[in-house]
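The values are calculated or read from the model by the stated rules, or taken from the named source; none is laboratory data. Predicted model, so just to flag it, every value in this text is computed and none were measured. Quick reminder, even Gly has a Cβ in these numbers, built from the backbone with ideal geometry, and neighbours come from all protein chains shown.
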Amino acid sequence: MARRKKNMHSTTIEGKQLRPESLMMTYGYKPEWSEGAIKSPIFQTSTFAFKSAEEGKAFFELAYGLREAEPNEKIGMIYSRLNNPDLEILEDRLTLWDKSDGAAVFASGMAAIATTFFTFLKPGSIIIHSEPVYGGTDYLLKHILPEFGIKSYGFPAGKTGIAALEKLFKKESVAANTAMVFIETPANPTNSLVDIEAVADVIALHKTKKRQILLAVDNTYLGPLWQHPLKHRADLVLYSATKYIGGHSDVIAGVCLGSNPLMTQVKIYRTIMGTMADPWTGWLLLRSMETLKLRMTAEMEAARYVADFLAKHPKVERVYYLGHLTKDDSQYDVYKRQCLAPGGMIAFDIVGGEAEAFRFLNNLSLFRLAVSLGGTESLAEHPASMTHSDVDPKERQKMNITDKMIRLSIGVEHHEDLIADLKHAFSAV
């Protein structure tokens with residue numbers, strides 16, 4: 001494969017801007033680079049040969065931030081812990097949906113989050129975060145970061161969130177040491193929203209030229225299609241690419257996106273910590289990105305039918321679904337401004353408790369009883385005892401993650417068949 005050059009591919013035809021779903025097949029790669037192959041080969045190699053010692057020196061200078069890049073200069077291939085053609089093509093394409101300057105792909109969603117945290121948080125730093133968040137993230141915030149002298153403070157997602165965030169910043173010790181606000185919106189598993197622009201407004205009142213406070217958003221639940229946090233003044237966007245981006249439940253990966261200066265810092269930490277994805281993972285994600293819009297659209301449309309069915313079922317106490325927000329709901333305005341569609345995630349409270357929830361889950365047939373989300377197959381799980389089991393029980397209750405909650409990830413199956421499966425499972429409760 002020939003050395004790739006910056007701005008190697010046009011995104012327009014006769015001045016018309018091409019859409020991301022059209023560019024997913026071609027952007028960042030030309031067949032002539034690899035013997036005419038329509039798809040990029042898998043570059044299953046650990047290291048790359050330099051044309052000269054001078055070239056090797058120049059590549060390392062850029063890789064480790066030892067100097068600024070010259071105009072149109074791009075780091076060349078060095079070693080697959082730093083960069084790899086499959087990952088670079090993937091990262092180019094990932095920037096299209098979120099309209100970011102740069103992207104970094106990781107070995108998992110948690111690798112992306114942890115590496116990003118350690119890039120910008122130091123001993124004595126404070127990170128403020130929304131609640132609830134994914135259980136692994138919750139554990140990192142409350143149990144791992146404190147071991148490195150990093151404190152975390154939570155505020156609730158939903159209607160009271162911004163007021164609670166403002167209250168935290170009124171504490172001088174918090175305001176003076178906060179380096180990042182991390183939000184997960186919609187929240188896993190409750191679908192509660194956090195107003196990204198409102199959080200950015202609060203941050204703007206407290207950051208200075210000498211002290212930055214970054215706003216990082218975990219956008220996994222709505223994926224690159226249905227929400228674009230950078231448009232709403234977030235600094236960084238994070239994904240578990242295992243979910244919608246991968247979309248086939250056969251790969252583990254994560255992504256961080258943002259401005260070039262921020263991504264340069266993240267990539268240096270990724271290189272040293274060794275948390276980047278491997279070439280095979282990059283190739284699989286390139287395959288998946290081509291059908292991202294098709295899959296996410298089909299899943300979103302099927303979820304509407306499933307959510308409506310659940311809302312009318314006598315054995316369902318409450319449904320947590322963005323598509324059911326009404327104008328009199330305090331979150332409706334945030335949803336209309338921030339989200340392009342309700343996505344494919346639904347949670348609901350079954351009438352009863354853990355026994356009824358387990359009986360329901362054990363009688364599903366088409367839905368698979370498994371954690372994760374965003375795959376082509378529909379999944380069901382019990383957050384309180386599974387994905388969020390490591391969250392403090394008292395905190396879980398405050399977050400509405402109770403023993404009666406069930407989370408559904410809607411796949412690409414026909415919605416009538418999914419509803420038939422749910423009916424059968426309810427009949428066993």
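Can you tell me which condition ASP329 does not meet? The list is (1) touching a residue at least 60 places away in the same chain (Cβ under 8 Å); (2) farther than 19 Å from TYR221 by Cα, and all the others hold.
Checking ASP329 against (1) touching a residue at least 60 places away in the same chain (Cβ under 8 Å); (2) farther than 19 Å from TYR221 by Cα, the one that fails is (1).
Can you tell which of ALA303, ALA216 is of a type in the set (A, V, I, L, M), surrounded by 24 or more Cβ atoms within 10 Å (Cβ to Cβ) and under 16 Å from the mean Cα position of the chain (by Cα)?
It is ALA216.
Among the residues of segment 323-331, is there at least one that is surrounded by fewer than 15 Cβ atoms within 10 Å (Cβ to Cβ) and over 29 Å from ALA198 (Cα atoms)?
No, there is no match, as no residue in segment 323-331 is surrounded by fewer than 15 Cβ atoms within 10 Å (Cβ to Cβ) and over 29 Å from ALA198 (Cα atoms).
Any residue at all in segment 69-79 that's among the charged types (D, E, K, R) and in contact with a Gly (Cβ under 9 Å, 6 or more places away or on another chain)?
No, that holds for no residue.
Could you tell me whether segment 327-340 includes any residue that is among the small types (Gly, Ala, Ser), over 26 Å from HIS248 (Cβ atoms) and outside the structural domain of SER192 (by TED's automatic domain parsing)?
Yes, because at least one residue in segment 327-340 is among the small types (Gly, Ala, Ser), over 26 Å from HIS248 (Cβ atoms) and outside the structural domain of SER192 (by TED's automatic domain parsing).
What about ALA157, is it over 14 Å from the mean Cα position of the chain (by Cα) and within 21 Å of HIS324 (Cβ to Cβ)?
yes
Given the conditions (1) closer than 19 Å to MET345 by Cα; (2) within 15 Å of the chain's Cα centre (by Cα), which single one is not true for CYS256?
(1)
Would you confirm whether or not segment 363-372 contains a residue that is aromatic (Phe, Trp, Tyr) and touching a Ser or Thr at 6+ places or on another chain (Cβ under 8 Å)?
Scanning segment 363-372 turns up at least one residue that is aromatic (Phe, Trp, Tyr) and touching a Ser or Thr at 6+ places or on another chain (Cβ under 8 Å).
All but one of (1) part of a loop (DSSP other than H, G, I, E, B); (2) more than 29 Å from the chain's Cα centre (by Cα); (3) of a type outside the set (Phe, Trp, Tyr) hold for GLU55; state the number of the condition that does not hold.
(1)
List, please: which pairs have Cβ atoms under 7 Å, are six or more places apart or on different chains, and start with a residue in segment 293-307 that is in contact (Cβ under 8 Å) with a residue 12 or more places away in the chain and end with one that is surrounded by fewer than 22 Cβ atoms within 10 Å (Cβ to Cβ) and of a type in the set (S, T, N, Q)?
Every condition considered, the pairs that remain are ARG295/THR376.
Among the residues of segment 392-413, is any acidic (Asp, Glu), surrounded by 18 or more Cβ atoms within 10 Å (Cβ to Cβ) and free of Cβ contacts under 8 Å to residues at least 40 places away in the same chain?
No, segment 392-413 has no match at all.
So which residues in segment 375-392 are among the small types (Gly, Ala, Ser) and either more than 17 Å from ILE252 (Cβ to Cβ) or in contact with a strand residue (DSSP E or B) (Cβ under 6 Å, 6 or more places away or on another chain) (or both), if there are any at all?
Result: SER378, ALA380, ALA384, SER385, SER389.
Please work out which residue is farthest from LEU94 (Cα to Cα), limiting yourself to segment 229-261 and to residues that are basic (Lys, Arg) and surrounded by fewer than 20 Cβ atoms within 10 Å (Cβ to Cβ).
Checked segment 229-261; the qualifying residue farthest from LEU94 (Cα to Cα) is ARG233.
For (1) more than 30 Å from ILE406 (Cβ to Cβ); (2) of a type outside the set (Asp, Glu); (3) not assigned by TED's automatic domain parsing to the domain that holds PRO342, each residue gets a yes or a no:
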| position | (1), (2), (3) |
| --- | --- |
| LYS99 | yes, yes, yes |
| ALA111 | no, yes, yes |
| ILE126 | yes, yes, yes |
| PRO132 | no, yes, yes |
| ASP138 | no, no, yes |
| GLY161 | no, yes, yes |
| PHE182 | no, yes, yes |
